């Protein structure tokens with residue numbers, strides 16, 4: 001980000017650290033909210049992500065704002081189950097059942113804080129050894145990634 005000049009761009013403020021270090025900061029909350037929020041779940045567990053969900057109504061600017069996160073939880077639990085939910089012929093070492101459960105739980109918890117979520121299925125493509133995500137298969141090994149895009153529910 002520094003090398004690409006983001007620190008010098010007008011209207012951009014970079015806060016280095018974990019979200020927990022800044023989410024209750026009055027200066028951050030006084031900005032009027034964000035149009036887009038994305039959080040990477042690397043090195044955090046689901047309880048951390050759920051805590052972040054609770055802050056979204058205060059962080060998003062309005063009903064047109066969007067939220068997403070890296071939806072990878074449950075995609076690396078090793079088991080003997082075979083991925084059969086979607087039409088892929090190869091089996092996976094990760095348990096698709098856990099991925100489905102975390103995806104659904106995330107959707108329920110986001111609904112609980114007032115967000116609707118649309119899920120976009122992204123074919124990861126295991127035929128290519130490098131794959132579109134390169135070495136990321138070390139922590140995500142299913143052939144299908146579910147991309148969440150959430151927005152605040154319309155107030156009637």
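Before moving on, here are some points about what is shown:
- Meets criteria (in contact with a helix residue (DSSP H, G or I) (Cβ under 8 Å, 6 or more places away or on another chain), loosely packed, with under 15 Cβ neighbours inside 10 Å and modelled with pLDDT of 80 or more) for residue 67: no
- Out of 116, 121, sole residue that is modelled with pLDDT of 85 or more, in a strand (DSSP E or B) and farther than 30 Å from residue 29 by Cβ: 121
- Matching residues in the stretch 1-50 - criterion: being at pLDDT below 80, surrounded by 10 or more Cβ atoms within 10 Å (Cβ to Cβ), out of contact with any helix residue (DSSP H, G or I) (no Cβ under 7 Å at 6 or more places or on another chain) and in a helix (DSSP H, G or I): 28
The values are calculated or read from the model by the stated rules, or taken from the named source; none is laboratory data. The shown structure was predicted, so the numbers you read here are calculated from the model rather than taken from an experiment. Every residue, glycine among them, receives a Cβ derived from its backbone with ideal geometry; neighbour counts consider all protein chains shown.
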